[in-house]
Amino acid sequence: MLAVWVDQLLGFASGALSAIRQQEHYPDFMTWVRAKGADAFQGDVVMAQALAPVLWSQTPLERLEFACEPLATPGRNEPCWCDSGRKFKQCCYKVEFPTDIPDQMMWMLSLREWKGATLKAALDSQQAPPQALLEAGLIAAEGGQTGRAMQILESLFDGSDWSRLPDQAEPAFEILLDIYQERGFNRKRADLLDDVMERGPLFLRGVALERLCLMHLDNDDLDSARGAFVKAQQALPDSPTLAYIEAMLLLHEGHEQEAKERANFWYRRLVRQGELEEDQLEFLAALAENPGATLADQLLSAEEDLATPLVGLQALLAALPIAPKIDIQADASSERLLYHSSAREATLFAAWHEQFQVLVDEDVALGFRDDPWENAIEWMSALCAHPEWLDAPQVVQDLTLALTSRFGSLPWMAPSLLEPLALRLSRWLAQARAEGEGSLCWDDADNAILLRTGLALVVGMERGARQHSRELAEELLLIDQEDSLGLRELVLDQLLRDDRNEEALALAEDNDDDDGSLVLGLLMGKTLALYRLEQQDAAESALGEVLGHNRYALELICAENPRPSMPHPDGQVDPGSRAEAWQYRTLMRDQWRTTPGALDWLETHRH
């Protein structure tokens, strides 16, 4: 019966709103109520008349600049407010509604109805009840009206009065952040997160912390992620979210053992406080036992439809047999190594492509022409049924690029999804090296398939399997003597992160054939290695080369909160540009910050 009443109530309210909008005068509205309103209640005019004054009183009126025109509830012996002519006690007073009437219902329905300038004016009036904004925003988002949802939810989270937010505002907050991300409104997203962290209610700060850290981690900006975490520790010292975020951050920084130790610290601390639910405690206990595996399991459970095929794919990769040999030959005259796809490999790739359906974009280093994840359930399921497809390097390339694009920024996914593919590629590279001393160059034969796969694996494993990533990068550097993948800088950064400064210095100085695109990273890496090795004069000289190449480098590496500078749409940056300096800052500032005295030393050379 309650469900029937709710349907009747919404039906009547929608009709009432349309009737009110005709003239926005109460007598005209009541004429409609008596003539047609009772249809929503199967002809019950008494119910319609009793409900009408309640809904009128909460309806925003355009003629009043979106204010309401509430009716005063009459006394028992006064004329009824439904204009029936009877006393209130003999009329609407006797009617009992099955449920309370939500105060915000007519505002919510109005927000669903208004468009364009009218909607904007209504939101600008700041008279909409927060609960109405919340409900209308969620309904718009669920209906795929992202523009309307964004407009409405921005009014809810405008920061004018955080105390008025409904307790259920958390999912709406996440939806607004998702819309900003989907539409590329990165500045709006960052500003909203900063505002919530600075002044927002406690129940939203945990969400803001998680999103802020993830945003910086997705951008490879470990230093900003660490700064956001420290700020959150000060604002939310006892939040269980901190345990989860710190584990993620430490894994991104490559500190797996420390992540485990800190998760154990949080577990013991929060158990003593005794305020967590059982499922939260179980999660923290698992996090303390094995942070990477726990976060991987959490991701799989969050993927919903993809969870089952992803688990199947993990099982397939764990049981992969040794890769078969491929056709790689040495050309003695040119000292080149050449890989040619075989007829069998072409057949395997054709079968795979029927399911995968997406082609690699050969104009960029790592990418597809379309999104491979729109039909991921189909291709993952098919691959699990046909593991022999992975005998073809082109299939391994497609799978590697797809996994790296989705999971490469998550360190805990690398061991199960990417390392098995790296082992497969390493066998093929070993086979190539066995053919002779030549170079496996990008533009020769089908070599780009192997090299593109290698680059995707190095990038994808950089966070979650750092040693394996570096070893594979070094393999590729040895066999691709032109360094067409630009791996020298990446290996240099990894060596510096491992405090292997002498090796980093040797690699940075072996740079005679560099094309200029990676100069800043190599020069800064060389400078940092020399500074750590206390070779002061050489470090000063290297820093001079940095300043000669990029005048923005020291400004951005020293500043605490500089303005971001984005690369070109294709992801490229110009040598010597501010974008190049920003890119280096996001990748390596944490290494300068954690090297004692290094930032202060750079600061003295800024002017």
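Points to keep in mind about this one:
- Among the residues of the range 307-353, just one is assigned to a strand (DSSP E or B), buried (at least 16 other Cβ atoms within 10 Å of the Cβ) and charged (D, E, K, R), namely Arg336.
- Considering residues of the range 354-366 that are assigned to a loop (DSSP other than H, G, I, E, B) and surrounded by 15 or more Cβ atoms within 10 Å (Cβ to Cβ) only, the residue modelled with the lowest pLDDT: Ala365
- Within the range 90-108, considering residues that are assigned to a helix (DSSP H, G or I), open to solvent by less than 70 Å² (accessible area, probe 1.4 Å) and not aliphatic (A, V, I, L, M), the one farthest from Trp56 (Cα to Cα): Cys92
- Filter pass, Gly460 being buried (at least 21 other Cβ atoms within 10 Å of the Cβ), outside any helix (DSSP H, G or I) and of a type outside the set (Val, Ile, Thr): no
- Pair list, Cβ under 6 Å, 6 or more apart: the range 220-239 residue open to solvent by less than 40 Å² (accessible area, probe 1.4 Å), other residue at pLDDT 80 or above and of a type in the set (S, T, N, Q): Asp221/Thr586
- Every condition in (1) open to solvent by 50 Å² or more (accessible area, probe 1.4 Å); (2) assigned to a helix (DSSP H, G or I) holds for Ala539 except the one numbered (1).
- Filter result for Gly116 (touching a helix residue (DSSP H, G or I) at 6+ places or on another chain (Cβ under 9 Å) and surrounded by fewer than 13 Cβ atoms within 10 Å (Cβ to Cβ)): no
- Residues in the range 156-171 that are farther than 17 Å from Asp194 by Cβ and either without any contact (Cβ under 8 Å) to a residue 12 or more places away in the chain or crowded, with 22+ Cβ neighbours inside 10 Å (or both): Leu156, Asp161, Ala169.
- Leu478 meets all of the listed conditions (1) over 26 Å from Leu543 (Cβ atoms); (2) assigned to a loop (DSSP other than H, G, I, E, B); (3) modelled with pLDDT under 90; (4) over 26 Å from the mean Cα position of the chain (by Cα) but one, namely (2).
- Failed condition for Ser416, given (1) touching a residue at least 40 places away in the same chain (Cβ under 8 Å); (2) open to solvent by less than 20 Å² (accessible area, probe 1.4 Å): (2)
- Residue ID - farthest from the chain's Cα centre (by Cα), chosen from residues in the range 572-607 that are touching a residue at least 24 places away in the same chain (Cβ under 8 Å) and part of a loop (DSSP other than H, G, I, E, B): His605
- Restricting the first member to the range 65-78 and to residues that are open to solvent by 70 Å² or more (accessible area, probe 1.4 Å), and the second to residues that are in a loop (DSSP other than H, G, I, E, B) and modelled with pLDDT of 90 or more, the beta-carbon pairs closer than 7 Å and six or more apart or on different chains are Glu65/Ser125.
- Scanning the range 198-219 for residues that are closer than 20 Å to Thr586 by Cβ, among the aliphatic types (A, V, I, L, M) and surrounded by fewer than 20 Cβ atoms within 10 Å (Cβ to Cβ) returns Leu214, Met215.
- Options Arg148, Arg164, Arg112; residue that is among the basic types (Lys, Arg) and either at pLDDT below 90 or in contact with a strand residue (DSSP E or B) (Cβ under 7 Å, 6 or more places away or on another chain) (or both): Arg164
- Considering residues of the range 26-44 that are in contact with a helix residue (DSSP H, G or I) (Cβ under 9 Å, 6 or more places away or on another chain) and open to solvent by 70 Å² or more (accessible area, probe 1.4 Å) only, the residue farthest from Gln58 (Cα to Cα): Gln42
- When residues of the range 540-576 are limited to those that are modelled with pLDDT of 90 or more and polar (S, T, N, Q), the one nearest to Asp221 (Cα to Cα): Asn550
The values are calculated or read from the model by the stated rules, or taken from the named source; none is laboratory data. Remember, predicted model here, so these are calculated numbers, not experimental data. As a convention, Cβ positions derive from the backbone with ideal geometry for all residues, glycine included, and neighbour counts pool all protein chains shown. Please note that ligands, DNA and RNA were not included when accessible areas were found on the heavy atoms of the full protein model with its side chains. Shrake-Rupley method; radii C 1.70, N 1.55, O 1.52, S 1.80 Å.
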